[in-house]
């Protein structure tokens, strides 16, 4: 039989809490393969964690996916597990973190609140549910524990939603926004190349475009513009030059070749962006 698979994403940082959680999982499911999606997410940035999990899960085998970006730990927010169409189980807080990944894996088939304390660690704290609740429940599920035993069912409509930004096609321009900023300072934008092509026409390599960037009041200021080109990859432009391209997740990215465009332009999550033909 294949070894059980667990993916793991948090804002804990690489030291201390994250290895402790992996140790808890391995103490219960010693044969498990644990893949770290990442632990350097901006602190408390639920949507950053949701985006990374959404980006990663299609490339993983069917398994258990644990997410812990949990600024509401110990409050009334519920600990949950989700069973999705592909057969995966997602474990984490009910704060929207798991929802985009669940949608990408075939939508939520069944949701349950983690109330079966027999699947938790024997002693639990009010501030470290990643160790005490999410990790042990995930490991038990990876071992084959029946999903229905984790706790009572909850209606999908009662789960906390989280929506990644969407692009809107207009005649001659694309309305989009910053969905995620990676560690290189590249800005992932809402929408796919097909959306941009529907707005501005064919995206041949070297096609000249203009990016209009929203200001402090989040209104797009057409005086704050960047002239650039659509390219297949970074190396098609000079070092330090900006470009738009299709990233590895199939969405649009806005970047400087070997530079940090987010810092250079002061970009932030949810900043409105327009892209139009030059």
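The values are calculated or read from the model by the stated rules, or taken from the named source; none is laboratory data. Only a predicted model underlies this, so the values are computations on that prediction, with no experimental measurement involved. Please note: Cβ atoms are built from the backbone with ideal geometry, for glycine as well, and neighbour counts cover all protein chains shown.
Worth a mention:
- Considering segment 1-10, and only residues there that are free of Cβ contacts under 8 Å to residues at least 60 places away in the same chain and part of a loop (DSSP other than H, G, I, E, B), the residue that is nearest to residue 48 (Cα to Cα) turns out to be 3.
- Extreme residue, farthest from residue 170 (Cα to Cα), among residues of segment 240-278 that are in contact with a helix residue (DSSP H, G or I) (Cβ under 6 Å, 6 or more places away or on another chain) and not in a strand (DSSP E or B): 257
- When residue 152 is tested against (1) out of contact with any helix residue (DSSP H, G or I) (no Cβ under 6 Å at 6 or more places or on another chain); (2) surrounded by 15 or more Cβ atoms within 10 Å (Cβ to Cβ), only condition (2) is not met.
- Here the condition is being within 26 Å of residue 56 (Cα to Cα), in contact (Cβ under 8 Å) with a residue 12 or more places away in the chain and either surrounded by fewer than 19 Cβ atoms within 10 Å (Cβ to Cβ) or outside the structural domain of residue 70 (by TED's automatic domain parsing) (or both); of 212, 246, 241, it holds for 246 alone.
- Per the listing 184, 180, the residue uniquely within 18 Å of the chain's Cα centre (by Cα) and surrounded by fewer than 16 Cβ atoms within 10 Å (Cβ to Cβ) is 184.
- Residues within segment 11-45 that are in contact with a strand residue (DSSP E or B) (Cβ under 9 Å, 6 or more places away or on another chain), part of a loop (DSSP other than H, G, I, E, B) and closer than 20 Å to residue 133 by Cβ, tallied: 6
- Selected residue (criterion: nearest to residue 54 (Cα to Cα)) from residues of segment 11-26 that are out of contact with any helix residue (DSSP H, G or I) (no Cβ under 6 Å at 6 or more places or on another chain) and touching a residue at least 12 places away in the same chain (Cβ under 8 Å): 11
- Flag for residue 48 being closer than 23 Å to residue 159 by Cβ, in contact with a strand residue (DSSP E or B) (Cβ under 6 Å, 6 or more places away or on another chain), in contact (Cβ under 8 Å) with a residue 60 or more places away in the chain and surrounded by 23 or more Cβ atoms within 10 Å (Cβ to Cβ): no
- Selection count where residues are within 30 Å of residue 209 (Cα to Cα) and part of a strand (DSSP E or B), scope segment 121-176: 7
- Conditions (1) under 27 Å from residue 247 (Cβ atoms); (2) free of Cβ contacts under 8 Å to residues at least 12 places away in the same chain; number of the one not met by residue 76: (1)
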